[in-house]
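Down below is the structure, laid out as structure tokens.
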Amino acid sequence: DRNKAINSVKSSWRKAVSYIKDTTYKLILLDEIIVAIKLGYIDEDEIINGLNLRPELTHVVLTGRGATEKLIDTADLVTEMKLIHHPFKEQGVKAQEGIEY
């Protein structure tokens, strides 16, 4: 249900912004947020504006494939992962709740 997914992403983003602005948090991890942007669930500019609210020494990690040049240019650090060994491929292990999603 696309509408449910969009509402969930937007609700989660509002909560994330409260963490981003709070000086007691030094690291915020937004897992697969780049995929949510790519799927059109949330606007990239909204994410960038929220990231600009972070206090000095607060780190925000965005994960997911397919970041745009605009998002990459906004970031302090960008890395790309490459599969070396993973149980999905070698052992047929399915995605696990709390780990992959």
Please compare each pair in LYS38/LYS70; LYS15/LYS94; LYS10/LYS70; LYS4/LYS38; LYS15/LYS38; LYS10/LYS38 to a cut-off of 22 Å on the Cα-Cα distance and tell me which ones are over it.
LYS15/LYS94
Ratio of the Cα radius of gyration of the chain to 2.2 N^0.38 Å, where N counts its residues:
1.18
Run lengths n ≥ 4 of DSSP H only: what is the helix-derived mean residue ellipticity at 222 nm for the chain, with -39500 (n - 2.57) per run over all residues, to the nearest 500?
-12500 deg cm²/dmol
Rounding to the nearest 20 debye, state how big the charge dipole of the chain is about its Cα centre with +1 on each Lys and Arg Cβ and -1 on each Asp and Glu Cβ.
280
What is the percent of Cα-Cα separations in segment 1-53 that go past 12 Å?
65
Counting sequence-distant residues (5 or more places) and residues on other chains, those with an amide H built under 5 Å from that of LEU30 are VAL61, LEU62, THR63
Within segment 22-43, find all residues whose amide N lies under 14 Å from a label point positioned 7 Å from the Cα of GLN96 along Cα-to-beta-carbon.
none
Give me the percent of the accessible area of segment 1-100 that comes from carbon and sulfur atoms, probe 1.4 Å, all protein chains in place.
52
In square angstrom, what is the accessible area per residue of segment 36-101 with a 1.4 angstrom probe?
81
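The values are calculated or read from the model by the stated rules, or taken from the named source; none is laboratory data. What you are looking at is a predicted structure, and each value in this text was computed from that prediction instead of being measured. Here Cβ is always computed from backbone atoms with ideal geometry, including for glycine, and neighbour counts include all displayed protein chains. When the accessible area is computed, the model is the full protein with side chains, heavy atoms only, and any ligands, DNA or RNA have been set aside. Shrake-Rupley method; radii C 1.70, N 1.55, O 1.52, S 1.80 Å.
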